[in-house]
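What follows is a single structure, written as structure tokens, with notes after it.
Each reported figure results from applying straightforward, stated rules to the coordinates on display, with no laboratory input. Bear in mind that the values here come from a model prediction, so they are computed numbers and not experimental data. Here the Cβ is made from the backbone with ideal geometry for all residues, glycine too, and neighbour counts use every protein chain on show.
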Amino acid sequence: MPQFDPSTFASQIFWLVVMFAALYWVVAKLAVPRVGQVLDQRARVIQDDLDRAMQLKGETDAALAAYETAMSAARGQAGDHMRAILADVKAVADQRTAEISASVAKQVAEAEARIAKAKQDALDSMNKVAGESASAIVAKLTGLNPDSGAVTTAVASALKDAR
Amino acid sequence: MATENMEAGEHAEASGHAEGHGGGHSPMEQFTIKPLIPIHIGKYDLSYTNSAMFMTFAVALTALLFGLSTKKRTLVPSRWQSISELMYEFVAGMVKDNTGKEGMKYFPFIFTLFLFILFGNFLGLLPYGFTFTSHIIVTATMAVVVFVGVTVIGFARHGLHFFALFVPPGAPLGIAIILAPLEFFSYLIRPVSLSLRLFANMLAGHVLLKVLAGFIITLGVFFGIVPFVAVFGITMLELMVAAIQAYVFALLTCLYLNDAIHLH
């Protein structure tokens, strides 16, 4: 086996050391710094992007929160307005209702008074008609002219009894 | 079967027979170290060999891949840049998961180890390629460096308290006395298992491929289709093994490092 020929050992070890050292130099001075730089740069860019995304997300959240508070404030304000308007409307309506019912009550009272007066007038005229009729009947039957005061009294008491 | 052919191949080579086994090559012939530029310093033979050449390819390919793909360094990566980033993040994740933040300063070393073995394994699978990780001396050197490095880090961080690594936590004294030598032995055996695992995987895979490829020639066009399909499948398997062994070597280095940094 050529592997166990000691005459080649010195050369192999020598060139192994030389070439390994050369490769170490290539790796340490060229490959590692360059690739490391690329990877660092990429990691930094990605980190920056992530940071910016986080920052923007924070801003978005803040804007959203501000919107929510503004929205709820506006909602509260709108509710207050609504309640104020409703109260106004209710007051006006109550006032109108009170006015209308007052005037209606007044009209009803007037109408009732008129009806009562008309009824009284009607009753009075009925008494008068009854008195005159009674006087006319008495004159026709007896030929006497009865005292109007006595007739009125008699009719009134007769009507009272009839009722 | 592989061993049998290996011996037969060696025998054929030794006795000068140049027939069978893929045009007269032993399955072990692919592992031969061939000097390309002879260099002798003192009594040492430091020749630039085919092994050294493939190490150079591995270094050049890595430099090319990372150099070109990370030239623009765009925020959205190109395909090639993705490959570089993927490998970086894979190994960086492994180091971080297994050794924590303190282990990240050894990340360039582990990344180098991973890339060196990965490219070595992959380049060895190319036709006419040479797999330098199939040589025990290469894997053993790497394993010993890892072992010595981890031990030095352990003592530098914890001083003599590092020996607590060999006492299992929560064990009664009687059992600890029995277990400590075992733990110590398993610690010492680490470089052996680490180097043998990679070496044996690469060796076995390439021998198997070579032997099966030899069958294609000896069985002819008609029956040769069977070993051809097998070679195809095993090549896929070897691609997987190449990546897995690079991963395992780097992962075990991380685990050893974790022991040295955090003890238990």
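Descriptive notes on the structure:
- Equivalent ellipsoid semi-axes - Cα gyration tensor, the stretch B:30-262, angstrom: 36, 24, 20
- Prolate/oblate/rounded label for the stretch A:46-162 (Cα gyration tensor, a/c 1.5): prolate
- Each residue of the stretch B:44-57 was assigned a 3J(HN,Hα) from its phi angle through the Karplus curve 6.51 cos²θ - 1.76 cosθ + 1.60 (θ = phi - 60°); the sequence is 9, 9, 9, 4, 6, 10, 4, 4, 4, 5, 6, 5, 4, 4 Hz, with glycine and proline shown as x.
- Out-of-range pairs (alpha-carbon distance over 32 Å; input B:Lys34/B:Lys101; A:Lys140/A:Lys160; B:Lys34/B:Lys105; A:Lys29/B:Lys210): B:Lys34/B:Lys101; B:Lys34/B:Lys105; A:Lys29/B:Lys210
- Here the sum of -39500 (n - 2.57) over DSSP H runs of 4 or more residues, divided by the residues of the protein assembly as shown, equals -28000 deg cm²/dmol at 222 nm, to the nearest 500.
- Computed 3J(HN,Hα) for the stretch A:80-90, one whole-Hz value per residue from the Karplus formula 6.51 cos²θ - 1.76 cosθ + 1.60 where θ = phi - 60°, is 4, 4, 4, 5, 4, 4, 4, 4, 4, 4, 5, glycine and proline marked x.
- Amide proton proximity set for B:Tyr48, modelled H, under 5 Å, gap of 5+: B:Leu36, B:Ile37, B:Ile39
- Mean separation of Cα contacts under 8 Å, 6 or more apart, over the residue count of the stretch B:112-264: relative contact order %: 37 percent
- The phi torsions of the stretch B:148-161, fed into the Karplus equation with coefficients 6.51, -1.76 and 1.60 and a -60° offset, translate into couplings of 5, x, 4, 5, 4, 4, x, 5, 5, 7, 10, x, 6, 5 Hz, rounded to whole numbers, with Gly and Pro shown as x.
- Average other protein chain Cβ within 10 Å of Cβ, residues A:121-132: 0
- Largest mean-square fluctuation among A:Gln12, A:Gln37, A:Gln47, in a Gaussian network model of chain A whose springs join Cα atoms under 10 Å apart, belongs to A:Gln12.
- Prolate/oblate/rounded label for the stretch B:22-136 (Cα gyration tensor, a/c 1.5): prolate
- Residue of A:Ala150, A:Ala93, A:Ala113 that the Gaussian network model of chain A assigns the largest fluctuation, springs spanning Cα pairs under 10 Å: A:Ala150
- Top of B:Ile153, B:Ile110, B:Ile136 by mean-square fluctuation, Gaussian network on chain B, Cα under 10 Å: B:Ile153
- The protein assembly as shown - Rg and Dmax from Cα coordinates, angstrom: 58.1, 199
- Projecting the Cα atoms of B:Gln81, B:Leu209, B:Phe147 onto the charge dipole of the stretch B:30-262 (Cβ charges, centred on the Cα centre) puts B:Gln81 farthest toward the positive pole.
- Here A:Lys90 is the anchor, and no lysines lie within straight C-alpha reach of less than 23 Å, apart from those fewer than 8 places off in the same chain.
- A:Lys106 sits among other residues whose Cβ lies under 11 Å from its own Cβ, and their net charge, with Lys and Arg +1 and Asp and Glu -1, is -3.
- Within chain A: Cβ-based charge dipole about Cα centre, in debye rounded to nearest 20 (Lys, Arg +1; Asp, Glu -1): 320 debye
- Shape class of the stretch B:89-166 from the alpha-carbon gyration tensor: oblate, with a/c at 1.5 or above and b/c at least as large as a/b.
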